[in-house]
Every structure is written in C-alpha cells, then in structure tokens.
Amino acid sequence: MSKNKTLAAAEIPGDFKRNYERVLGQNNGQANASFAYRALVQTTSDQLIASWKATNKAISQSDNRRVCYLSLEFLIGRLLRNALLSLDIDAPARLALEQLGLDLETVAQQEHDAGLGNGGLGRLAACFLDSCATLRLPVVGYGLRYRYGMFHQIIKDGYQIETPDSWLREGFAWETERFELAQVVRFGATAGADDVLAIPYDVPVPGYHNGIVNTLRLWSAAATDEFDLDEFHSGDYNEAVAAKNAAENITMVLYPNDATESGRELRLRQQYFLASASLQDTLRLWCKEHGSDFSRFAKKNCFQLNDTHPAVAVPELMRLLLDEQGLTWDAAWSITQQTMAYTNHTLLPEALEVWSEALFDRLLPRVLEIIREINTRFVAELELHWPGDDERIRRMSLFTEGHNSMVRMAYLAIVGSSSVNGVARLHSQLLQEGLFRDFFELWPERFNNKTNGVTQRRWLAACNRELAALISSRIGAGWITNLDELEQLREHADDATLQQAWRKAKLANKERLAELLQDRCGVRIDTDMLFDVQVKRIHEYKRQLLNLLHAVHLYDRILQGDGDELVPRAIIIGGKAAPGYEMAKSIIKCINSVADVINTDARTDGKLRLLFYPDYNVSAMEVICPAAELSEQISTAGKEASGTGNMKFMMNGALTIGTLDGANVEILEAVGDENFFLFGLTVDEIAELRPDYDPVSIIAGDADFLRVMQLLESGHFNGEENDVFDAVVNSIRNPHDQWMTAADFRAFVDAQRRVEASYKDVAGWTRMS
C-alpha cells in the first residue's frame, strides 16, 4: 500500500466517528445500523471526492476521445462494498464499525438496491462503467434516475404480484445533485409549451486502486415551472399541478407498460428525454472548451447506444447540430455517423422497437422531419447500390409501409452509426446472417463483435471474499484487473490442499445461501445437496420451463423408487416476469405449484428440493453465485444474445450445463468440453427440424417425458386450481413452439445424468470447478 493510501486508510475510523456523531447527530455509544451506513457512505465519499475532481479536471484538459454511454438501464445494485474494495479501505471500514459493535455485512444490508435496470443489458452497463474507470478510460454513463425502479416481486399463492420499488424513499447517499447543469428538453411543436427540465444527479464510479473516479450521470425530470399558482388559488388543484406531474412522470417508473397508447408515449418520452439531455450536456462541454468550432468534434467524442432504446439520439444530434449550432446537413450527418455506435442486445424481432409515425409527429415533429430526410437520402443511396431491387429497399426503409407507418429504431441506429456490434460471437454472426443481413451486405465494415463481460471485482473479489483470497494466495492478485491470469489456476487444479480449501470456501457460501433461502422461501435445504441454479429474467426463450420439466422428472424418479440413485439436489430458480408477459407469469406459478408438492412430500426428504427465489436482484445474486455449483444456461440455441450470468457463475467455480447459445459458445472453448455439460440442438439443427417439428410424437416416444407430462396434466400439482398448467402444457405440445422445449428434453435429461456422475467424483468435480 502506498504512503498516501496508508494515510487515507488511517483516517477512516476517525472520519467515520465524526460523521456518525456530528453530522448525523448520533451517540457513538449507541449502535444504529442505518445511521452507521449513512456515516460510512459519507466517509467513503469524502475519500472519493478529491479523486473525482482530479479525474474530471484531467479529462477536461486532455485531448483524448471521450465516450458517452447512453443506456436506459444501469443495474448498479448496492455500491458500498464495491467502493470499499476499489479504494482498498475495507479493513479500516470494518474497524470503524467494530467500535460501534457492528459488522460490515449488517451495515451493508441497509443500502437499497438501485434497481435502475431489468437484466443483463443493465448489468452490462454497470460493469462496463466499472471496467472503464479501472482502465482509466474517459467514459461517462448517461441514464435516467427513476423514482421507482424495477418492481418488487411478491409471490402470493404462487403468483407474481408487482409492487412499486421505492428505492429513493430514504434518499440515495451516493448521488450529488448538479442543478446548475440542468438542460431543457423540448417536446411538441410549440416552443415552451411542453418543455421539461432535466436535472442531473452524479454518481461516482471508482476505478480499482488507481485514483480514477468516473461519473454516472442520471437525469431526473421536472417541470420548468413548478405549478400554476393562480389556478391553485382558484381551486383547480389538479390542473394547477398537471404540468408538474406530466413532467415528473417521465422518470417515475422504469419501463412503463407499453400495452396502451399512453404507455407507448411515455416510453418514447423517456427515450428522447435521455438522448436530448445527454447530447445537450456533451455539446455544452464542447462549446465551453471549443466555441463553435466542430471540426474535431467527431474525433473527440463517441456516443455508444446501449441497445435500441437511445436510437433517437441519431436524429436528435442532427437537430442540435442543424438548428442550435447552424451546421449544414452534410457536416452534421458526417459528425453524427462518425460519433454514433450501436450495440444490439437481442435476436428477437419483437424486441426491436418501432414507434408509430403519428406518435412521433405529435410528440417530436421536428425530429420526425429529420428522420424522414435521413430516410429519403438513405433510400436514394440504396437505389444507386441496388437499382431496381424494390423489395430490398422496402425491407431496409426506416419506415414500414401501410396506413399506420412505424419508425424502425434499430434501422435508424444502424444507418446513423459507424459501428454496429452484437454481444457474443454467435449473436453477432446471426445478426449479420439474419436480422440485419441487408445492412451487413451494404456496410460489412460497420459490423463487429464485442462479447459481453462482467467485472470480476464485484462478481468475485467483492462478493466471494474467501475464494478470492484463496485464489490470490496461489497466483497473486493480478487477476483482479486482468482476468486472464486465472489461467494460472490450471496448474494447481489437482492440488489436494487447494481442492480442500476450495470446497471449504464453497461450503461456506452454500451455508450463507441456505440461510437466505430459508428466510425468503421458508424452506431449509441441506448444504450437502448439489446447488443447481437458474436465476435470470423469466422468459420462454431462457427455458425455465425445461428446468421445471427436469425437476418433475427427478420427482418422478423418486416416485418410481429410483430416489436412492439420485444425487441430492436443490434446484433454485429466480427472476421476474414483465408485468404484461402472461406466459412468463404462468411459468412462475407452475414452478411454485410443483415446488409446493415436491417440498412437502416426505419421499423427497434429503433427495430433492425446488425453490423459487422471490424478488431476485443484484444483491441476491451476490449471495447466490458464490454458492452455485451448477449453472443452468439452457436457452433455445440462437435466442440468447450473450448471457452474463453464465460468466458470473463460472468465475465463482460453478459448472455450466448449457446449449450452444450466446456466450456459452466462447465459454465452452475457453474451459474445454471436459469442463462443460453441453446438450441440445444447434442453431442449424433447429432450423432443419422446425418445418417438421412434432412435439406430441417426441413426448409419446419417450417414457420418461410421457410420465412427466402425465403428472403435469393429471392435476397432481394443481391443488384446488384446475387450469394452472393448461397454457404451459399446451405450449410444450404446440408444433409451432418457437422455443422447441420438447425437442431438447431427452438431451437435457441425459446431460443431467452426466452431471450426477461427475458430482459423485468429489475430486474430479472440484478440479473442474
């Protein structure tokens, strides 16, 4: 530790005591975990502030290219543990808390998860910012400060119930309001009539042990005028605050339901609000330093669009350069294309956003004018490139045809960008061969792959301290900033002493998770069971349903008298279904109904448990992934863009059972066939089978599968609810099931048998781990 770091660390206990007693007015002789948390955050922030200012000054004075990362999601979770790790002040923080008789684990629990995201896309964004700070890259994240984040999930009678996630109710101790940097975002055709104020709140993003602190800037929406006082005094209270409420609604809720026209309008408002405020902020900085000279702007700025949500940034940057800065079309378009870059996160066509031209015309008429002009020029380019190919030109247009014309936002992002990337090698390949094939044939040089990653600092060093210390004791701590150094563990994998310590660390994590599961699910699981985990968004393509079928199959084996041959197993499933996604909600209900029967049947004692973890979030994952032994990555091949959960599990020593999908392909190459339980149809095999897919025959021809379906259809798991399984069973038997769940059942069961055989070989399993 350097001299400066030593001095900083030595100051922590005294600074904490001062913040606890004087700033928060607490008696140092009385322990209060909530106030201790706030005092520790203040103490940690005090350590960050000088580096934060120095980083911003260095970025301002440097001639490096700056990156603005635009994302509707930043799933940052809790920040305290990560900040302590990055600043290397974990030990003095613990010492400060011990003076109050408190431990860090208890105090850290006081922090609410910042649920500003849904799944992998938002988690990637958070990890990306962490890595950029650690790599000393000048990157600022731009997102929205949702008042209510991802909903809380309550399980009632097996059903998902959504309740508001009021994560800001006690404030957010890490943020700094920067009202002086507020921007005005204009909606509608009349200037001033529908203006909204974008107020920035900055969150520090510290690099690991390097003195760099980058910024996550979250925009909060407010009315330009609080309310009409005259209307209020006249008694028209609702109308008096209507503008204020309409403005604040923009950043009220993450992903409002877009099943209604008002919901769709709010979603588009959110996206434009993010794009406009962020671009204005960047142009403000540029003009402050360079005046009206934009000749080098493209060389010194990049806007990374994290999925299709911020695609409206393309025409908005054009609007700002044309209307506000007075540039010509050609100059503005050149800057736009050079500075925009687009990351695609999905292969599902329905997830590629489209907005009606009528909605654009009502909400953003000037932006629509610019999109039309972009399309006119783009179509002219296509006609030169493919003369007479009207069908291709129709397919590639930024607008759909017909009465209710729609704007294709993904196409807009591609046309306006210099770079388009997928998030795993297979995903990028499938984008080029399928979804974006026409664009790839036009501009092959724009397309590339950037496989997703997760930061080992949060997902191993911070959340699995015992294993992290064990790894560092053998190969040094260089892996914390260079993950490739974990390769050195290969030469130690057969070391019996290391294997014993490895199992001890895993057992400690399993005990911690077992306590959490008993608290949240009311079910106690034995830690000598195989911890088989699938936690992620609930979606048909992720095939939690296939996992459920296997759970029923194991239960059936017990009923058939084969229970003594089973490896005792706890199957843990968690995740949230989108509020409007009825099939995903049905799957959750079915999992809970099956779990109720399995967990209360005396014949399964010590052999099988099935649990659905409610309200899964980042903090839960920090307990779950260190304890997992088997990671379920079982999506239908060709449907998962990447999958970052698989990476978190693997770096914590879990083995993967998975299909050749997403990042599984590259993980399999990295670890080798012998350390991966591969099963299932490939992308090409699925395409070949699909025209003749007959799940009814598949089920009838497999005795194990047939018994599983009979259990599901017989009412064995239904209780008093007769139709619980109808939609799910029908989807499995449907020949048009695009997820082809039945097709992979036998291969999945056989792969799970290989898992059982491997788990019985303790040394062999530990070596693989």
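The values are calculated or read from the model by the stated rules, or taken from the named source; none is laboratory data. Keep in mind that this is a model prediction, so the values were computed, not measured. Reconstructed Cβ throughout: ideal geometry from the backbone, glycine too, with neighbour counts over all protein chains shown. The area values use the complete protein model at the heavy-atom level, side chains included, leaving out ligands, DNA and RNA. Shrake-Rupley method; radii C 1.70, N 1.55, O 1.52, S 1.80 Å.
Applying a 10 Å radius around every beta-carbon, put 656-663, 337-344 in order of their mean neighbour count, most first.
Details: 656-663: 25.8, 337-344: 22.8.
Descending packing order for the listed peptides: 656-663, 337-344.
Where in the stretch 35-74 is the amide nitrogen less than 18 Å from a point lying 7 Å along the Cα-to-Cβ axis of E289?
So the set is 52-70.
Note down the magnitude of the dipole of the stretch 434-495 about its Cα centre, charges +1 on Lys and Arg C-beta and -1 on Asp and Glu C-beta and zero elsewhere, to the nearest 20 debye.
The calculated dipole for the stretch 434-495 is roughly 340 debye.
Kindly report the accessible area of the stretch 159-311 per residue (heavy atoms of protein chains, probe 1.4 Å, no ligands, DNA or RNA), in Å².
43 Å²
Using a 1.4 Å probe on the protein chains only, how many percent of the accessible area of the stretch 506-624 belongs to carbon and sulfur?
42 percent
Place the peptides 435-442, 551-558 in order of packing, highest mean first, counting for every residue the other Cβ atoms within 10 Å and averaging per peptide.
For the peptides 435-442, 551-558, the packing ranking is 551-558, 435-442.
Before I look further, what does the stretch 1-104 give for accessible area per residue, probe 1.4 Å, in whole square angstrom?
Using a 1.4 Å probe on heavy atoms only, each residue of the stretch 1-104 averages 47 Å².
If a/c stays under 1.5 just call it rounded; otherwise compare a/b with b/c (prolate if a/b is bigger, oblate if not). Do that for the stretch 37-189, with a ≥ b ≥ c from the square roots of the Cα gyration tensor eigenvalues.
oblate
Would you please classify the overall shape of the stretch 141-216 from the alpha carbon gyration tensor, given that a ≥ b ≥ c denote the square roots of the eigenvalues, rounded means a/c under 1.5, and beyond that prolate means a/b larger than b/c while oblate covers the rest?
Cα axes put the stretch 141-216 in the oblate bin.
Would you kindly state how much longer the chain becomes between S34 and V762 on full extension, computed as 0.36 nm times their sequence separation minus their alpha carbon distance, in nm to one decimal?
257.8 nm
Give the residue list of trypsin sites (Lys or Arg not before Pro) in the stretch 41-111 that are DSSP loop and have at most 16 other beta-carbon atoms within 10 angstrom.
R65
With every protein chain in place, what's the accessible area of Y272 (1.4 Å probe, Å², nearest 10)?
Answer for Y272: close to 0 Å² accessible.
Residues of the stretch 568-608: accessible area per residue at 1.4 Å, in Å²? Mind showing how you got there, number by number?
Details: 1250 Å² over 41 residues.
With all protein chains present, the stretch 568-608 gives 31 Å² per residue.
Stokes-Einstein at 20 °C, 1.002 mPa s, Kirkwood radius from Cα pairs: D for the stretch 368-433 in µm² s⁻¹?
Rounded to a whole number, D works out at 162 µm²/s.
Can you give the FRET efficiency to the nearest 0.05 for A469 and A493, using r as the Cβ-Cβ distance and R₀ = 22 Å?
0.75
Work out the charge dipole of the chain with +1 on the Cβ of Lys and Arg and -1 on the Cβ of Asp and Glu about the Cα centre, then indicate which of F649, C132, M583 is farthest towards its positive end.
C132
So between V23 and A351, what do we pick up on full extension, going 0.36 nm a residue minus the alpha carbon distance? It would help to have the intermediate numbers written out before the result.
Numbers: separation 328, 0.36 × 328 = 118.08 nm, distance 4.79 nm.
Once the chain is fully extended between V23 and A351, it gains 113.3 nm.
Sticking with the crude label model, points 7 Å out along Cα→Cβ, report the distance from L486 to N449 in nm, one decimal please.
Result: 1.9 nm between the two label points.
Describe numerically, in nm with one decimal, the distance between label points set 7 Å from Cα along Cα→Cβ at D157 and at Q338.
Label-label distance for D157 and Q338, simple model: 6.3 nm.
What is the sum of charges around L549, taking Lys and Arg as +1, Asp and Glu as -1, for the other residues whose C-beta is under 15 Å from the C-beta of L549?
-2
At 0.36 nm per residue, and after removing the present C-alpha to C-alpha distance, how many nm does the segment from N210 to Y541 gain when stretched out fully?
115.1 nm is the gain from fully extending N210 to Y541.
Of all DSSP beta bridges located in the chain, what percent are antiparallel, nearest 5?
Beta bridges within the chain, antiparallel portion: roughly 40 percent.
Mind giving me the FRET efficiency for L706 and L678? R0 is 25 Å, r the Cβ-Cβ distance, nearest 0.05 is fine. Spell out each step's value before the answer.
Details: r = 25 Å, r/R0 = 1.02.
With a Förster radius of 25 Å, E is 0.50.
Any idea how far apart K53 and S166 come out in nm if each label point goes 7 Å out from Cα toward Cβ?
The two pseudo-label positions are separated by 3.7 nm.
Report the Stokes-Einstein translational diffusion coefficient (µm² s⁻¹, integer) for the chain, Rh taken as the Kirkwood radius over Cα pairs, at 37 °C with viscosity 0.692 mPa s.
For these conditions, the coefficient is 117 µm²/s.
Have a look at T282, W355, T343 and report the one farthest towards the positive end of the charge dipole of the stretch 246-385, computed about the Cα centre with Cβ charges (Lys/Arg +1, Asp/Glu -1).
Value: T282.
Between beta-carbons, use under 12 Å as the cut-off and find the net charge around M318, counting Lys and Arg +1, Asp and Glu -1.
Cβ neighbours under 12 Å give a net charge of -2.
Pairs K450/K760; K57/K576; K156/K504; K510/K536; K585/K607; K53/K648: which exceed 30 Å Cα-Cα?
Check vs 30 Å cut-off fails for K450/K760; K57/K576; K156/K504; K53/K648.
With just the Cα atoms defining each centre, how far is the stretch 666-745 from the stretch 557-627? Give it in Å.
If you average the Cα positions of each part, the centres end up 18 Å apart.
Please sort by residue number the GluC sites (Glu not before Pro) in the stretch 360-413 whose DSSP state is loop and whose Cβ has at most 14 other Cβ atoms within 10 Å.
Those that pass, being in a loop and sparsely packed, are E401.
Please report the carbon-and-sulfur percent of the accessible area for the stretch 153-222; probe 1.4 Å, protein heavy atoms only, DNA, RNA and ligands left out.
Its accessible area is 51 percent carbon and sulfur atoms.
Of L431, L412, N448, whose Cα points farthest to the positive end of the dipole of the stretch 398-479 (charges on the beta-carbon: +1 Lys, Arg; -1 Asp, Glu; origin at the Cα centre)?
Checked the options; the winner is N448.
Under 1.5 on a/c is rounded, so check that first for the stretch 320-451, then, if it is not, pick prolate when a/b is larger than b/c and oblate when it is not; a ≥ b ≥ c are the square roots of the alpha carbon gyration tensor eigenvalues.
rounded
How large is the charge dipole for the chain, taken about the Cα centre, if only the Cβ atoms of Lys, Arg (+1) and Asp, Glu (-1) carry charge, to the nearest 20 debye?
That gives the chain a dipole magnitude of about 2300 debye.
Given a 1.4 Å probe and every protein chain left where it sits, what share in percent of the accessible area of the stretch 371-435 is carbon and sulfur?
The computed percentage sits at 48.
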